[in-house]
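Everything below concerns the one structure shown next.
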Amino acid sequence: MTTPADPFFSGAAFQAFGQYVNPPLGRFLSLSGRDQRFVKAQGCTLETEGRDVYTDWLSGFGSLNLGHNPPALLEALKNHLSLGAPNLYIEALNPFAARLAERLARAAGASFETCYFCNSGTEAVEAAVKLAMAATRRRGIVYCQGAYHGTTLGSLSMMAGGEYRRPFEPLLPGFREIPFNDLRALAQALEDEPAAFVLEPVQIESGLRVLDPGFLADARRLCAENGTLLILDEVQTGMGRTGRLFCFQEEGAPPDVLVLAKSLGGGVIPLGAIVIGKGFFQKAYGDPLMCEVHNSTFGGNTLACRMGWETLNILESPGFLEEAARRGAALADLLRSAIGSHPLVSRVVFKGLLGGISVREADHPWFSWSHWGLEEFCERPATGALLVHRMLRRKFLVQICGHDWSTVRVEPPLIVSAQECEKFAEALKEELDWIHANG
C-alpha cells in the first residue's frame, strides 16, 4: 500500500510527536526501535507506511477487544452520523445514554439499576469513589497492593508504589492499602468503616495476579456486613476479555459498583461507565440539588453511547463470548506446551484471553540496562523488555506489565485466530531459545 495522501500521515507529522506531544517518550521509542509509523489497522494487524505488517498482542491495553476498526462498528458509525442527532443532550433527556444504561444494568444482573457515563477508566474510578463517599456519608478507601486504577489524583491514591505515584506524594488522605488476596487484612481494614473497597479481579500491571476462588464472594459478604461498598474495577477484564461479559460473573458475586471503560467504546470512541447497584445512586445524589454535582460534559454523548450499544451487539451475539473463551483456553494450553518448561520461563498464567508470561533474568552482561546505556532502569528486570524487543523484530506487538517488568502481558483482540496464536507461540519460543542460548 502507499501512504494515504493525508497530512496526518506525513513524515513531519510523525516527527512532531517527539517535539510537541511527549519528547522523552519520542526519544525512547526511537532509541528502542519502537517508533513505528502505522498508517492502517484492521482486525489484529497494523501496517506501516513501509508496508510492514505487525500483529497486535496488546489490544490497546484492553481497549481493542473487537480488534482494530471493526467493520460492524464503522458501518454503524456512518449510519449514526447520517441521523443528524444531537451529540450532546445538555439539560435534556438523552435517549442514547438511557438505552445503553438500561442494557448495561440488565447485562450486569438483577442487583444493578443505574449507570453513569464518562470518558475513561480513571474517570469512572473517580466517579465510583465519589459515589461511595456520598452514598455512605463516610470517608476512607481500602485498596490492594499492586493496584492500577488510573492516573488522576483519586485513582493515583490507590496506585502501587513506584514512578507513577512517587512524584505526586503525599496523595489524598484516608486511602489504606492491604495485600492482594488477603481476606483477613480486608476484614481488619473494614473495622474502620471505610466508604469503599476498590478491587481488580486481575491485577494486570502487577504481573497477572488473579483473585483466589471465592475471594470475591467473601469480600462482598464482608463489605455488606460493614456497610462498605464493593467497587470492582473491570476496565480491562470486562467486555469479554476473560471469557464472560464481566469477570465477576464467573463466580456470580456482583459488586455494588462495576467500573467499565476501554473496550466499552469498541476501540472506536472513548467511553467509561459505572454500573451502580440498587439504591446507591439515590442515596448519593437523590434530590434535584445533588443530581448533577458529579458530571462530565461529554459523558454519555450520543456517539459514544451508540458505539457502546453496537459493541454489546457484537459481544452478545450467539457464540461470540464462548468462542473467545475457547480461544483463550487453547492459547493457554498452546503456550504452556511450547514454553511452560522453558528454562527462562517461571510462570504462564491465563484468564480467558488475558495472559502473562513471567521470565527469569538471563545471566549475561550484554542483557543489562547498563550495557544498553539506560542506567536509570538498572533496578528493573531486563529480560522481559529484551523479549518484547525481540518479538517486535518479529512483527509482534507485546509489552511488559507496568509494575512487574519480568512479566510479558498477552492480550490479543478477542477475534484472534488459531493460526495467529500458533505463529505467536512459535515466535515466542524461538526468541526465548535465542536469549537462553546467548545468555
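The values are calculated or read from the model by the stated rules, or taken from the named source; none is laboratory data. The structure displayed is predicted, hence computed values, not measured ones. Cβ atoms come from the backbone with ideal geometry, glycine included; neighbour counts cover every protein chain shown.
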Practice task
Could you tell me which of the residues PRO343, PRO318 is out of contact with any helix residue (DSSP H, G or I) (no Cβ under 6 Å at 6 or more places or on another chain), modelled with pLDDT of 95 or more and surrounded by fewer than 17 Cβ atoms within 10 Å (Cβ to Cβ)?
Solution key: PRO318
Completion exercise
In the set GLY328, GLY308, the lone residue that is over 29 Å from PHE96 (Cα atoms) and in a helix (DSSP H, G or I) is GLY328
Exercise for the section: For the range 39-62, indicate whether the set of residues that are over 20 Å from the mean Cα position of the chain (by Cα), of a type in the set (S, T, N, Q), over 19 Å from MET307 (Cα atoms) and not assigned by TED's automatic domain parsing to the domain that holds MET391 is non-empty. Expected result: no
Handout entry: Residues (within 19 Å of VAL235 (Cβ to Cβ), small (Gly, Ala, Ser) and surrounded by fewer than 19 Cβ atoms within 10 Å (Cβ to Cβ)) located in the range 91-119
Key = ALA107, GLY109
Problem - GLY150 vs. criteria in contact with a Ser or Thr (Cβ under 7 Å, 6 or more places away or on another chain) and buried (at least 22 other Cβ atoms within 10 Å of the Cβ) - result: yes
Exercise for the section: Of the conditions (1) farther than 22 Å from ALA385 by Cβ; (2) out of contact with any Ser or Thr (no Cβ under 8 Å at 6 or more places or on another chain), GLU49 clears all except one; give me its number. Expected result: (2)
Practice task
Would you mention how many residues in the range 363-390 are closer than 24 Å to ARG209 by Cβ and either of a type in the set (A, V, I, L, M) or modelled with pLDDT under 90 (or both)?
Solution key: 9
Practice task
Look at LEU64 and say whether it is within 23 Å of GLY240 (Cβ to Cβ), in contact with a helix residue (DSSP H, G or I) (Cβ under 8 Å, 6 or more places away or on another chain), among the hydrophobic types (A, V, I, L, M, F, W, C) and surrounded by fewer than 21 Cβ atoms within 10 Å (Cβ to Cβ).
Solution key: no
Practice task
May I ask you to say which residue of ALA101, ALA85, ALA97 is of a type outside the set (Asp, Glu), under 30 Å from GLU205 (Cα atoms) and not assigned by TED's automatic domain parsing to the domain that holds ALA425?
Solution key: ALA101
Problem - Single match in PRO194, PRO270, PRO213, PRO254 (criterion: at pLDDT 95 or above and either buried (at least 24 other Cβ atoms within 10 Å of the Cβ) or assigned to a strand (DSSP E or B) (or both)) - result: PRO194
Handout entry: helices (runs of 4 or more DSSP H) completely within the range 93-179 that count 2 or more residues being among the basic types (Lys, Arg)
Key = 95-108
Completion exercise
Exactly one of GLY207, GLY162 is within 23 Å of the chain's Cα centre (by Cα), touching a residue at least 60 places away in the same chain (Cβ under 8 Å) and surrounded by fewer than 21 Cβ atoms within 10 Å (Cβ to Cβ), and that one is GLY162
Exercise for the section: Identify the single condition in (1) under 17 Å from SER63 (Cα atoms); (2) of a type outside the set (Lys, Arg); (3) in contact with a strand residue (DSSP E or B) (Cβ under 7 Å, 6 or more places away or on another chain) that GLY300 does not satisfy, given that it satisfies every other one. Expected result: (1)
